[in-house]
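The structure under discussion appears below in the form of structure tokens.
The values are calculated or read from the model by the stated rules, or taken from the named source; none is laboratory data. This structure is a prediction, so every number in the text was calculated from the model and none was measured. Reconstructed Cβ throughout: ideal geometry from the backbone, glycine too, with neighbour counts over all protein chains shown. Ligands, DNA and RNA are excluded from the accessible area calculation, which covers all protein heavy atoms including side chains. Shrake-Rupley method; radii C 1.70, N 1.55, O 1.52, S 1.80 Å.
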Amino acid sequence: TILILDFGSQYSHLITRRVRELGVYCEMYPCTQKIGELNFKPKGIILSGSPYSVYDKDAPRVDKEIFNLGIPILGICYGLQEIAWNHNGSVAPCKNREYGHAMLSIIKYRDCPFVNKLFDGLEDSIQVWMSHGDQLDKIPKDFKVVGKTSTSPFAAIAHEDKHLFGIQFHPEVTHTPLGKTIIKNFVSNICECQRNWTMESFIDKEINRIRQIVGPNGQVVGAVSGGVDSSVAAKLMKEAIGDRFHAILVDNGVMRLDECQKVKKSLKDHLGINLKVVDASKMFLDRLKGVTDPEKKRKIIGNTFIEVFESEALLIDNEAKESHGKIEYLLQGTLYPDVIESISFKGPSATIKSHHNVGGLLEDMKLKLIEPLRELFKDEVRELGKVLGMNEELIWRHPFPGPGIAIRILGEVTPSQVKIVQAADNIYIEEIKKAGLYRKISQAYAALLPVKAVGVMGDKRTYEQVITLRAVETTDFMTADWFHFPYDVLKTISNRIINEVKGVNRVVYDISSKPPATIEWE
Ligand code: XMP
């Protein structure tokens, strides 16, 4: 295992991605992690970049103990400066902040073969990506310069005996084309890690872990939505403990067209998961009557969901007690980015939306959490789904918000408005798939505006509602661009919606990016 210590750089998670892509398992911890308190022994450590300067009074500091472990350490950007700082090097602001491409000249040493290892197999000069305002202006004692650029005389340094390496540039970003080779040199050649971390090995390890935690009779309950995370987590539980995992799908009345049936078919019929579908749509729609405020809608749906899920879990618990054991665990599809977010040295982020997790749920039952995906990134979850035999449609499904189309009907949610959005959205997604664009788009949906527009159909004047189409491209959903649709696809979609969906006489396309707009309209 490689330990990555995060100083808060925007690229930190990319280091984790690159190491895992090489088949080497790694974990990221905040830079303040006490080394004596880790529950594993790393074979090497990578220090990330940071928005701080090492000479700042409140600069984050690493546990000095890492330099006594005798294992290789690679410092990237701020990480290089932190290594130098701890070895009496000197760091100062650059005359000009360096941001962008640079050429790194590699320097090799005949008499110090170990310091050459980081750049093994590379040409004398390579393209690298820089993003820094500080740099070394004095090299610490006994370090060698192994790389320089026209502006950074100490752009890469190494210590032969201590196995310390520092680089000013970012090998983890794609703008450093040979960055992957550098990271591979570090983890494979310098730290001597085996490249044996695969999805298959992850599945074996995780199934064993789940079996050990849950025991021979333990039972687990979990909510599923048909989204990729909860489906993959559920399938993994099914593989580990069979029908002792109880999945619950709550029909809240604001799902997409025939969604409950479709999810049931995928999870129960296709994946063999022990699934109970609870139709609570009337209860949800009754409580949404007359409500127009988006946050109120969210609260009502979140609270009602907890209520329904809790009472179903209690029913299952009562049945379970008679046959085997009681339910002790709650499955959650938490992913690694959420974990990183909550353990960041800057403190948990305030931006996590409250009902993304069901914290506080089932307090009386005193359930313990089980989170089999907490080490994985989204694309690794998809890969896992593939290895577990899930079909492509499930694996590549766009995300769908918990409050469903309730936040895509602007204004009051009524059964007739639900029907209109469902029909329009279904046509929209059908045509996107037909045009082969579904995987290019990160998220797409139709929303219904609470205004009426005049139109003409045949000889008659119409006065009906407006559907707005949204499609965005994004990697993190924090920022997003609107998708550039081919006009003929938009034309087909608009024609079909206006012709086939009663109550709609106008279709518009939303060309707002995030920020300042958000992905959802409410
Ligand atoms: P926004 O609208 O904030 O959406 O740009 C970003 C992503 O979050 C989803 N979203 C939600 N998901 N409950 C959820 O589970 C919510 O209340 C909620 N609001 C937005 C949205 O679909 C997009 O993927």
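Which shape class, rounded, prolate or oblate, goes with the stretch 93-233 when its Cα gyration tensor gives a ≥ b ≥ c as root eigenvalues, a/c under 1.5 marks rounded, and past that a/b bigger than b/c marks prolate?
On the way: a/c = 3.05, a/b = 2.12, b/c = 1.44.
The shape class here is prolate.
Between Asp269 and Phe400, what length in nm is gained on full extension when 0.36 nm per residue of separation is reduced by their alpha carbon distance? Let's see the in-between values first.
Details: separation 131, 0.36 × 131 = 47.16 nm, distance 2.19 nm.
Roughly 45.0 nm would be gained on extension.
Leaving ligands, DNA and RNA out of it, work out the accessible area of Asp488 with a 1.4 Å probe and give it in Å² to the nearest 10.
100 Å²
Could you work out, for the stretch 396-475, what percent of all Cα-Cα pairs fall into each 5 Å distance bin, beginning at 0 Å and stopping at the bin that holds the largest distance?
That works out to 3, 13, 22, 22, 17, 12, 7, 3, 1, 0, in percent per bin.
Give me the distance in nm between label points sitting 7 Å out from Cα along the Cα-to-Cβ direction at Lys434 and Arg97, one decimal.
Roughly 4.9 nm, to one decimal.
Treat every Asp and Glu Cβ in the chain as -1 and every Lys and Arg Cβ as +1, leave all other atoms uncharged, and give the resulting dipole magnitude about the Cα centre to the nearest 20 debye. Before the final figure, lay out each step's value.
Working: 67 positive and 67 negative charges, 118 e Å.
Dipole magnitude for the chain comes out near 560 debye.
Take every Cα-Cα pair in the chain and report what % of them are more than 45 Å apart. Walk me through the numbers on the way to the answer.
On the way: 37382 of 135981 pairs.
Taking all Cα-Cα pairs of the chain, the fraction more than 45 Å apart is 27 percent.
Cα-Cα pairs above 16 Å in the stretch 1-76: how many percent?
Values: 1336 of 2850 pairs.
Of all Cα-Cα pairs in the stretch 1-76, 47 percent lie more than 16 Å apart.
Please give the net charge around Asn88, taking every other residue with its beta carbon less than 9 angstrom from that of Asn88, where Lys and Arg add +1 and Asp and Glu add -1. If you can, show how the numbers build up before the last one.
Values: positive: Lys138, Lys141; negative: none.
Summing Lys/Arg as +1 and Asp/Glu as -1 gives +2.
When you take every Cα atom in the stretch 176-258, what is the radius of gyration, and what is Dmax, the widest Cα pair distance, in Å?
Considering the stretch 176-258 through its Cα atoms, Rg and Dmax are 19.3, 56 Å.
Working out 0.36 nm times the residue gap between Gln212 and Asp258, then minus their Cα-Cα distance, what length gain in nm do you get to one decimal? Don't skip to the answer; put the middle values down first.
Numbers: separation 46, 0.36 × 46 = 16.56 nm, distance 3.80 nm.
In short, 12.8 nm is gained.
Express in whole angstrom the spacing between the alpha-carbon centres of the stretch 387-427 and the stretch 154-170.
Spelled out, the Cα-based centre of one part sits 51 Å from the other.
Rounded if a/c is under 1.5, else prolate if a/b is larger than b/c, else oblate: which is the stretch 101-169, with a ≥ b ≥ c the root eigenvalues of its Cα gyration tensor?
Numbers: a/c = 2.09, a/b = 1.24, b/c = 1.68.
Oblate, because a/c is 1.5 or more while a/b does not exceed b/c.
In the stretch 26-84, what chymotrypsin sites (Phe, Trp or Tyr not before Pro) fall in a loop by DSSP, with at most 10 other Cβ atoms inside 10 Å? Don't skip to the end; give the middle numbers.
Numbers: sites: Phe40, Tyr52, Tyr55, Phe67, Tyr78; in loops: Phe40, Tyr52, Tyr55.
Counting only loop positions with at most 10 other Cβ atoms within 10 Å, the chymotrypsin sites (Phe, Trp or Tyr not before Pro) in the stretch 26-84 are Phe40.
Quick check on my link table: of Lys296/Lys452; Lys299/Lys419; Lys34/Lys235; Lys268/Lys434; Lys265/Lys440, which ones sit more than 30 Å apart, alpha carbon to alpha carbon?
Values: Lys296/Lys452 24 Å; Lys299/Lys419 22 Å; Lys34/Lys235 36 Å; Lys268/Lys434 27 Å; Lys265/Lys440 26 Å.
Among Lys296/Lys452; Lys299/Lys419; Lys34/Lys235; Lys268/Lys434; Lys265/Lys440, the Cα-Cα distance tops 30 Å for Lys34/Lys235.
Which of the listed residues, Pro30, Leu3, Met255, is farthest toward the dipole's positive end in the chain, when Lys, Arg count +1 and Asp, Glu count -1 at the beta-carbon?
Met255
At most 14 other Cβ atoms within 10 Å and a DSSP loop assignment: could you name the trypsin sites (Lys or Arg not before Pro) in the stretch 252-305 that fit?
Details: sites: Arg256, Lys262, Lys264, Lys265, Lys268, Lys276, Lys282, Arg287, Lys289, Lys296, Lys297, Arg298, Lys299; in loops: Arg256, Lys289.
Taking the stretch 252-305 and a limit of 14 other Cβ atoms within 10 Å, the loop trypsin sites (Lys or Arg not before Pro) found are Lys289.
As a test, work out the antiparallel percent of DSSP beta bridges whose residues both lie in the stretch 1-158, rounded to the nearest 5.
Numbers: 17 of 29 bridges.
Taking every DSSP beta bridge with both residues in the stretch 1-158, the antiparallel ones total about 60 percent.
Between Glu393 and Val489, what is the FRET efficiency for a Förster distance of 25 Å, r being their Cβ-Cβ separation, to the nearest 0.05? Working shown, then result.
Numbers: r = 20 Å, r/R0 = 0.79.
Result of the calculation: an efficiency of 0.80.
With n ≥ 4 as the cut-off for DSSP H runs, can you work out [θ] at 222 nm for the chain, using -39500 (n - 2.57) per run divided by the number of residues, rounded to the nearest 500? Before the final figure, lay out the partial values.
Details: 13 runs with 154 residues, N = 522.
The helix contribution divided over the chain gives -9000 deg cm²/dmol.
Relative to 2.2 N^0.38 Å, what does the C-alpha radius of gyration of the stretch 189-315 come to as a ratio? Two decimals please.
Working: Rg = 18.5 Å, N = 127, 2.2 N^0.38 = 13.9 Å.
Cα-based Rg divided by the globular estimate yields 1.33.
Count the net charge of all other residues whose Cβ sits under 13 Å from the Cβ of Arg287, scoring Lys and Arg as +1 and Asp and Glu as -1. Display every interim value, and only then the final one.
Numbers: positive: Lys282, Lys289, Lys296, Lys297, Arg298, Lys299; negative: Asp286, Glu307, Glu412.
Charge balance in the 13 Å sphere: +3.
What is the helix-to-structure angle for 487-500, meaning the angle in degrees between its Cα long axis and the longest Cα principal axis of the chain, kept from 0 to 90 and rounded to the nearest 10?
With rounding to tens, the tilt is 30 degrees.
What angle, in degrees between 0 and 90 and rounded to the nearest 10, separates the Cα long axis of helix 415-434 from the longest principal axis of the Cα atoms of the chain?
It is inclined by approximately 50 degrees.
Quick check for you: which residues of the stretch 487-522 have the amide N under 18 Å from the point 7 Å beyond the Cα of Asp481 toward its beta carbon?
487, 510-519
For the chain, take the longest principal axis of its alpha carbons; what is the angle in degrees between that and the long axis of helix 228-241, to the nearest 10 within 0 to 90?
80 degrees
If the cut-off is a Cα-Cα distance under 14 Å, which aspartates and glutamates reach Lys297, setting aside same-chain residues fewer than 8 apart in sequence?
Partners within reach: Asp286, Glu412, Glu520, Glu522.
Viscosity 1.567 mPa s, temperature 4 °C: give me the Stokes-Einstein translational D for the stretch 263-305 in µm²/s, with Rh taken as the Kirkwood radius over C-alpha pairs. Could you put the intermediate results ahead of the total?
Details: Rh = 12.2 Å.
Estimated diffusion coefficient is 106 µm²/s.
Rg(Cα) of the stretch 220-289 divided by 2.2 N^0.38 Å? Show your work: numbers first, answer last.
Details: Rg = 12.5 Å, N = 70, 2.2 N^0.38 = 11.1 Å.
That ratio works out to 1.13.
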